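The numbers here are math on the coordinates, done by the rules we state, and not lab data. None of these values were measured; they are calculated from a predicted model. For neighbour counting, all protein chains shown are included, and Cβ atoms are generated from backbone atoms with ideal geometry for every residue, glycine included.
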Amino acid sequence: MNYNELTRRLKAVSPDAFELEAEILLEAFSDKKIAYILAHREEEIGSQELFSALKRRENREPLQYIIGKWEFFRQEYFVDENCLIPRSDTEILVERAIELLPRNAHFLDLCTGSGCIAVSTLAERVDTSAVMVDKFPKTLEIAIKNASHNGVSDRVEPMLFDVLSDENALEGKKFDAILSNPPYIRPEVIENLSDEVKHEPYAALYGGEDGLIFYNRIVENYSKFLKDEGFILFEIGYDQADDLKKIAEKHGYSCSIYKDYGGNDRVAYLKK
Ligand SMILES: C[S@@+](CC[C@H](N)C(=O)[O-])C[C@H]1O[C@@H](n2cnc3c(N)ncnc32)[C@H](O)[C@@H]1O
């Protein structure tokens with residue numbers, strides 16, 4: 001296989017980003033320099049690793065799982081099929097957290113996945129500490145590995161429990177903030193997502209029949225773990241702002257909405 005064939009095959013999978021994908025795969029699976037390959041596009045570049053990576057990509061596996069890592073905020077994260085791939089839209093929540101957390105804050109990251117929210121916030125705000133929670137052992141293992149990779153292990157406590165039912169695991173703890181990007185997609189929407197997203201864990205996407213189960217439970221069951229001045233930052237779907245305002249109002253919170261880089265509603269800020 002040469003560069004021309006690689007890009008031709010990737011174009012069928014990813015018409016808008018095939019050249020970038022080719023470079024990322026070559027960087028991961030070829031020992032030749034990209035500049036050399038681009039200058040010698042007919043030259044053989046095939047390695048067994050590159051062939052199997054291309055096959056996986058042709059099977060619509062996300063590029064991030066194939067190379068096993070991804071950038072989020074200013075940090076690098078290990079990712080595999082046990083965790084959601086960190087999205088740039090989620091960086092909005094991290095930006096708000098960095099800005100709003102008080103000095104020496106202790107915060108809770110519910111549904112942590114790769115750990116990207118807790119770890120990037122901790123990495124940028126070196127005065128803070130956190131608890132990060134996921135239900136799945138293999139997912140929490142990735143978050144722990146990412147905390148270590150980004151030098152924040154000593155300031156984060158990983159906890160394995162079901163956010164929907166086992167909040168008592170936090171008995172005796174108090175937090176300055178709850179940060180969470182929980183599963184929030186309705187089942188009929190999941191069915192129509194891209195083949196790539198369908199490789200991501202269903203449990204990371206499914207937010208109950210109305211997409212709101214985690215927001216309702218978290219506001220209802222975790223407010224008692226917030227200090228008086230505490231707040232909640234949720235990532236939300238582009239069409240969930242009104243629902244979040246209703247949930248906030250029902251529990252005596254004010255609710256402000258922040259937009260993502262694409263102009264969509266993306267983060268809800270709940271404050272008593
Ligand atoms: C939308 S992903 C978000 C991951 C990460 N916070 C991010 O922003 O990329 C939701 C996460 O919630 C976890 N999860 C799903 N159901 C859960 C539950 N009942 N209790 C705790 N975590 C759960 C999934 O394993 C997944 O890692």
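Among the residues of region 13-59, just one is of a type in the set (Ser, Thr, Tyr), under 28 Å from the mean Cα position of the chain (by Cα) and loosely packed, with under 14 Cβ neighbours inside 10 Å, namely 52. What residue, of 248, 177, 147, 204, is of a type in the set (A, V, I, L, M), surrounded by 15 or more Cβ atoms within 10 Å (Cβ to Cβ) and within 12 Å of the ligand (Cβ to nearest atom)? When all the criteria are applied, what remains is 204. Within region 150-164, restricting attention to residues that are away from the ligand (no atom under 14 Å from the Cβ), outside any loop (DSSP other than H, G, I, E, B) and not acidic (Asp, Glu), the residue that is surrounded by the fewest Cβ atoms within 10 Å (Cβ to Cβ) is 153. In region 192-200, is there at least one residue being of a type in the set (Gly, Ala, Ser) and crowded, with 19+ Cβ neighbours inside 10 Å? No, the conditions are met nowhere in region 192-200. Among residues of region 168-179 that are more than 14 Å from residue 122 (Cα to Cα), those with a beta-carbon under 7 Å from a residue that is in a helix (DSSP H, G or I) at least six positions away or on a different chain give the pairs 170/225; 173/225; 174/225; 175/225.
For region 73-99, taking the residues that are in contact with an Asp or Glu (Cβ under 7 Å, 6 or more places away or on another chain) and outside any loop (DSSP other than H, G, I, E, B), the one that is nearest to the ligand (Cβ to nearest atom) is identified as 90.
Taking region 109-138 as the range and being in a helix (DSSP H, G or I), surrounded by fewer than 23 Cβ atoms within 10 Å (Cβ to Cβ) and within 11 Å of the ligand (Cβ to nearest atom) as the test, the residues that pass are 137, 138.
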